[in-house]
1. Suppose every K and R has +1 on its Cβ and every D and E has -1 on its Cβ; what is the size of the dipole of the chain about the Cα centre, in Debye to the nearest 20?
2. Among 157-164, 48-55, what's the highest-first ranking by average C-beta atoms within 10 angstrom per residue?
3. Leaving out same-chain residues fewer than 8 places away, which lysines sit with a Cα under 23 Å from that of residue 2?
4. Give me the Å³ per residue figure for the convex hull around the C-alpha atoms of the chain.
5. Using the Kirkwood formula over every pair of different C-alpha atoms, what hydrodynamic radius in Å results for segment 2-83?
6. Under 5 Å between amide H atoms, partner at least 5 residues away or on a different chain: which partners does residue 150 have, H built in plane at 1.01 Å?
7. Which shape class, rounded, prolate or oblate, goes with segment 102-169 when its Cα gyration tensor gives a ≥ b ≥ c as root eigenvalues, a/c under 1.5 marks rounded, and past that a/b bigger than b/c marks prolate?
8. Work out the charge dipole of the chain with +1 on the Cβ of Lys and Arg and -1 on the Cβ of Asp and Glu about the Cα centre, then indicate which of 40, 17, 51 is farthest towards its positive end.
Amino acid sequence: MKFEVQLSGSSSKTVRSVELERVGDRWKITLDGQAVNADAVEIAPNAFSLLLEGQSYEVRLSPSPDGVLKIQIGLQEFTAEVADPRAWRGRRHGALVAEGRQQVVAPMPGKVIRVLVQAGDRVEAGQGLLVVEAMKMQNEIRSPKGGIVGHLQVKEGQPVNAGDVLASVE
């Protein structure tokens, strides 16, 4: 599979060509025509441990309803828009659709300061579920899909660690 990825960071915007090929239980990755020595393991929903050219990274992905991925690597944050060059260029690409039960995890350590929904509530994709305060900033944690809040694992005032399951949406 070959993709064009437009990355936007705090100060730059680049377009990269990424090619993925499954080889046994591993992936062969080519970036802008150059083979890359990489290994990735999913450690939690939308969280990966990435070994890239001998350096280790923890990568968190947050798909949004408009099809853009938010990528957090340590303290750096990027957005990525993925296009499949084989797709018809005139077609507007749809959003990523999460299927089945989705766990909502804390993207970073912090404290739950506000719960916006209750178990059993119907929510839309991108709707706020709760607010976590981390590093003196409030971060609204949003639903990855439309559905029903299945279970809330936290309450207001509770501290959370990165990767802790906060809720599920079915």
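1. For this selection, approximately 340 debye.
2. Details: 157-164: 14.9, 48-55: 11.4.
My ranking of the peptides, most packed first, is 157-164, 48-55.
3. Straight-distance partners of residue 2: 13, 28, 70.
4. Details: hull volume 23.0 nm³, N = 170.
Spread over its residues, the Cα hull of the chain gives 135 Å³ apiece.
5. Numbers: mean 1/r = 0.0734 Å⁻¹.
For segment 2-83, the Kirkwood estimate is 13.6 Å.
6. Under 5 Å from the amide H of residue 150: 120, 168, 169, 170.
7. Values: a/c = 1.78, a/b = 1.72, b/c = 1.04.
Because a/c hits 1.5 or more and a/b exceeds b/c, segment 102-169 counts as prolate.
8. Farthest towards the positive end: 17.
Since every read-out is calculated from the coordinates, none of them should be taken as a lab result. Please read these numbers as outputs of a predicted model, since none were measured by experiment. Counting neighbours? That spans all protein chains shown, and the Cβs are built from the backbone with ideal geometry, glycine included.
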